[in-house]
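Take a look at the structure below.
The values are calculated or read from the model by the stated rules, or taken from the named source; none is laboratory data. Bear in mind that the values here come from a model prediction, so they are computed numbers and not experimental data. Methodologically, a virtual Cβ is constructed for each residue, glycine included, from the backbone with ideal geometry; neighbour enumeration extends over all protein chains shown.
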Amino acid sequence: MSWEDNVRKVVPYVPGEQPKDRSIIKLNTNECPYPPAPGVRKLIQEMKYEDFRLYPDTDATSLVSALSKYYKVPEDQIFIGVGSDDVLAMAYLTFFNSDKPVLFPDITYSFYDVWADMFGVNYETIPLDSEFRIRLEDYYGSKHPNGGVIIANPNAPVGIYEPVEALEKVVAENKESVVIIDEAYIDFGGESALPLIDKYDNVLIVQTFSKSRAMAGMRIGFAFGSKKLIQYLKDVKFSFNSYTMNMPSQELGVAAVEDDAYFKETCDKIIATRERVKKELSKLGFSFPDSMTNFIFAKHDTVSGNEIFEALKKEHIYVRHWNAERISDYLRISIGTDEEMDRLLSVLKNYLEKR
Ligand SMILES: Cc1ncc(COP(=O)(O)O)c(C=O)c1O
């Protein structure tokens, strides 16, 4: 008998590479290519470092209040976490405790099964259809008794958005379990399912500052739900670690939310670049599901995903590639600045011509 017999052994999530070399064109983790709102910069310069000797506000009151005003949701229906990863992990701990399986798609955010394994949650994956769409009827409780559902909308890494009415059916058809809708990419053209929290007490809408608000480094995530649902989440969070979000993140998050014009301008720029890149990629022989996110999940007609991934890496352009069933020929390409995308397109063109 060794102490190792008592170790919780897990296969960890593998995040996209964060290279130290800043000259690399980084299109591999769906970060925002533009800086955070100017107010964030100003506030950092004005921050009183002496205050850091104190613990942060456990309730992130100022950030909750800013989100409450912006999204017009009562404060007691908002939960804050250290990135949406933290919010989602807490939600698993809080809501997914049934013997029945939690359901999510076979191709989706690759953290979902990692949390399930980590927390000992029974789960079942449901295959996306041949066009990579979520078969939403397969998540109805009557058809598939379950202990919860988690769906990313738009789904990652495929990028497809499902309309709110279709998701509402999943929520309505699962009165006995909690349905989590992970809206990490919702600001790039989709419509949030947020209004559903007024009609259903079993839905949790999760969003993040990491993509559309250009604050991945600050680790800010948040969720909306019924008062009851949010209180359960808070109880679990406070039983785990009461001081999760640090002081600067709380304050800088407020500055980001308060600049709506900058937020919208950033999202619009990314959407415009995405639509342009879609056209250019098609001309180069790529096909892809129609993306409503800040990335494109693309496959070349003749060249393998791995080969293009390596060729781009040699040219200091990082994209994401998974050696996994059904998707090994695809690359997930984050939308960068127009200059970065032009460089990507010219490298791809050269490579494909010379090959
Ligand atoms: C679908 C999805 N959900 C959640 C996250 C986590 O984001 P964060 O923890 O930075 O808020 C990501 C990150 O890439 C994601 O793709």
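See the values below:
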{"item": "All helices (runs of 4 or more DSSP H) inside the range 238-355 with 2 or more residues being surrounded by fewer than 15 Cβ atoms within 10 Å (Cβ to Cβ) and not small (Gly, Ala, Ser)", "result": "260-283, 305-314, 338-354"}
{"item": "Members of the range 200-223 that are over 19 Å from Ala66 (Cα atoms), surrounded by fewer than 23 Cβ atoms within 10 Å (Cβ to Cβ) and in contact with a helix residue (DSSP H, G or I) (Cβ under 8 Å, 6 or more places away or on another chain)", "result": "Tyr200, Asp201, Asn202"}
{"item": "Per-region count, the range 190-199, residues within 15 Å of the ligand (Cβ to nearest atom) and touching a helix residue (DSSP H, G or I) at 6+ places or on another chain (Cβ under 6 Å)", "result": "2"}
{"item": "Any hit, the range 274-282, residues being free of Cβ contacts under 8 Å to residues at least 12 places away in the same chain, polar (S, T, N, Q) and more than 29 Å from Val203 (Cα to Cα)", "result": "yes"}
{"item": "Some residue of the range 90-106 being in contact with a His (Cβ under 7 Å, 6 or more places away or on another chain) and either within 16 Å of the ligand (Cβ to nearest atom) or closer than 25 Å to Lys227 by Cα (or both)", "result": "yes"}
{"item": "Residue within the range 206-220 that is closer than 30 Å to Ser142 by Cα, modelled with pLDDT of 95 or more and either over 19 Å from the mean Cα position of the chain (by Cα) or not hydroxyl-bearing (Ser, Thr, Tyr) (or both) present", "result": "yes"}
{"item": "Among the candidates Ile296, Ile230, residue that is in contact with a helix residue (DSSP H, G or I) (Cβ under 8 Å, 6 or more places away or on another chain) and under 20 Å from Gly336 (Cβ atoms)", "result": "Ile296"}
{"item": "Qualifying residue in the range 104-125 (condition: out of contact with any Cys (no Cβ under 8 Å at 6 or more places or on another chain) and within 23 Å of Pro195 (Cα to Cα))", "result": "yes"}
{"item": "Condition met for Ser177 (within 16 Å of the ligand (Cβ to nearest atom) and polar (S, T, N, Q))", "result": "no"}
{"item": "Residue that is nearest to His316 (Cα to Cα), among those in the range 40-57 that are surrounded by 15 or more Cβ atoms within 10 Å (Cβ to Cβ) and among the aliphatic types (A, V, I, L, M)", "result": "Val40"}
{"item": "Pairs with Cβ under 7 Å, 6+ apart, first in the range 126-147 and more than 16 Å from Tyr161 (Cα to Cα) and of a type in the set (D, E, K, R), second in a loop (DSSP other than H, G, I, E, B) and at pLDDT 95 or above", "result": "Asp138/His144"}
{"item": "Tally, over the range 191-214, of residues that are in a loop (DSSP other than H, G, I, E, B), in contact (Cβ under 8 Å) with a residue 60 or more places away in the chain and polar (S, T, N, Q)", "result": "2"}
{"item": "From Pro12, Pro36, Pro56, residue being part of a loop (DSSP other than H, G, I, E, B), at pLDDT below 95 and over 16 Å from the mean Cα position of the chain (by Cα)", "result": "Pro12"}
{"item": "Residue list for the range 165-190, restricted to those being part of a loop (DSSP other than H, G, I, E, B), farther than 26 Å from Glu325 by Cβ and of a type in the set (A, V, I, L, M)", "result": "Val178"}
{"item": "Single match in Ala60, Ala37, Ala66, Ala89 (criterion: surrounded by 12 or more Cβ atoms within 10 Å (Cβ to Cβ), without any contact (Cβ under 8 Å) to a residue 60 or more places away in the chain and of a type in the set (A, V, I, L, M))", "result": "Ala89"}
{"item": "Selection count, the range 206-243, where residues are within 16 Å of the ligand (Cβ to nearest atom) and of a type in the set (Gly, Ala, Ser)", "result": "7"}
